[in-house]
Amino acid sequence: MTQTPNTPLGQYLDAAKTPISPELNRLILAMAASCAELSDIIGTSSLNNLQGALEQENVQGEVQKKLDVLSNELFIQPERWHGTVAGIASEEMDTLVPVDADGDYLLIFDPVDGSSNLDVNGTVGTIFSILDAPKAGDLSEADFLRPGTEQVAGGYVLYGPETLMVVTFGQGVAVFGYHRHKNEWLLIRDQVQIPATTREFAINMSNHRHWDAPVQRYIDECVAGKDGARGKDFNMRWLASMVGDVHRIITRGGIFMYPTDRRESGKNGKLRVLYEANPIAFLIEQAGGAAVNGPERILSQTPQKLHQRTGVILGSREEVERVQAYYTEA
Ligand code: P6P
């Protein structure tokens, strides 16, 4: 059921065709409120000396930005989740954060994905994934290591010219805009559908020589344009911010690729399964697109570690299936 534009987020959740539990309803509203707070912080970060890096690294061995740490500290405040969350896992932490023993859900997030863009006022985003919490017993890492098909909700908040939330509960994809003056999230689009074909690809071309042959073949065909096998010209975009590139695909189609490659550092891919690939793949599939790691569906893989990485190829279904076929033929 498609709801009408300008419907407030709370009303949208209440009217969902398949009822959304009151606890999940509260959790999503709390996520929206937290991201609205972060949007204001990001929007004045230069003025408040919150740009730049810290003299420390996160669990990934990446130099942390001031806002990586600040946003993570914002999201892990227990009182923020009103008893709905049993535990939290974050890109910025190597340990789980137990929150509320009676919480119904597990919350996994990347607080500011693409944070290297902050210093140049580029698009960044918060990515979140929600799983059912275990019914009893102490929280463990194993509770989080579930295939993406078990997500009950997934989405992102994009901090760009506008602050937008794109979310799915398995009943299609909805886009909400944050109305700063009213402090309200209002529906912009419901039941988003991604075009099956595209002329736009997103990949970091500087890695070309490291890619697996199927990716080199696909991209070389796109670059050859109408003079090559595809018989049509393509355009390229690369924001170095997954949420920004994915939102373009949600808006008008396209294919986003961060594949595994032949380097030691790239053999498992760059993007993480739990808080980047899974929630985005959930959205893309719910919007009629496809999401693979190369040969296989992203949502079907069961991660073995909290920060496990994967190849990511997702977007317009016919394009993703073409790349997947090239892997299968290889
Ligand atoms: P590169 C940001 O660091 C990120 O995780 C994604 O948001 C983005 O798509 C990718 O890495 C950019 O990687 O190698 O182009 O800097």
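The values are calculated or read from the model by the stated rules, or taken from the named source; none is laboratory data. The shown structure was predicted, so the numbers you read here are calculated from the model rather than taken from an experiment. Cβ: placed from backbone, ideal geometry, glycine included. Neighbour counts: every protein chain shown. Ligands, DNA and RNA are excluded from the accessible area calculation, which covers all protein heavy atoms including side chains. Shrake-Rupley method; radii C 1.70, N 1.55, O 1.52, S 1.80 Å.
Things worth noting here:
- Output for region 264-303, where each listed residue is in a helix (DSSP H, G or I), open to solvent by 10 Å² or more (accessible area, probe 1.4 Å) and of a type in the set (Gly, Ala, Ser): 265, 300
- When residue 53 is tested against (1) farther than 24 Å from residue 166 by Cβ; (2) exposed (fewer than 14 other Cβ atoms within 10 Å of the Cβ); (3) not β-branched (Val, Ile, Thr), just one condition goes unmet, and that condition is (2).
- Look at (1) touching an Asp or Glu at 6+ places or on another chain (Cβ under 7 Å); (2) surrounded by 16 or more Cβ atoms within 10 Å (Cβ to Cβ) and you find that residue 35 fails only one, number (1).
- From the list 137, 87, 103, 125, the one residue that fits, being more than 18 Å from the chain's Cα centre (by Cα) and assigned to a strand (DSSP E or B), is 87.
- Scanning region 164-195 for residues that are among the hydroxyl-bearing types (Ser, Thr, Tyr) and open to solvent by 10 Å² or more (accessible area, probe 1.4 Å) gives a single hit, 178.
- Unique residue being farther than 14 Å from residue 202 by Cα and free of Cβ contacts under 8 Å to residues at least 40 places away in the same chain when the list is 277, 330, 290: 290
For every residue, the table says whether it meets (1) under 23 Å from residue 108 (Cα atoms); (2) among the hydrophobic types (A, V, I, L, M, F, W, C); (3) not assigned by TED's automatic domain parsing to the domain that holds residue 95.
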residue: 229; (1), (2), (3): no, yes, yes
residue: 236; (1), (2), (3): no, yes, yes
residue: 254; (1), (2), (3): no, no, yes
residue: 257; (1), (2), (3): yes, yes, yes
residue: 297; (1), (2), (3): yes, no, yes
residue: 313; (1), (2), (3): yes, yes, yes
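- Scanning region 108-139 for residues that are in contact with a Lys or Arg (Cβ under 9 Å, 6 or more places away or on another chain) and modelled with pLDDT under 95 returns 115, 116, 118, 119.
- Across region 192-243, the number of residues qualifying as within 13 Å of the ligand (Cβ to nearest atom), in a helix (DSSP H, G or I) and in contact with a strand residue (DSSP E or B) (Cβ under 8 Å, 6 or more places away or on another chain) comes to 5.
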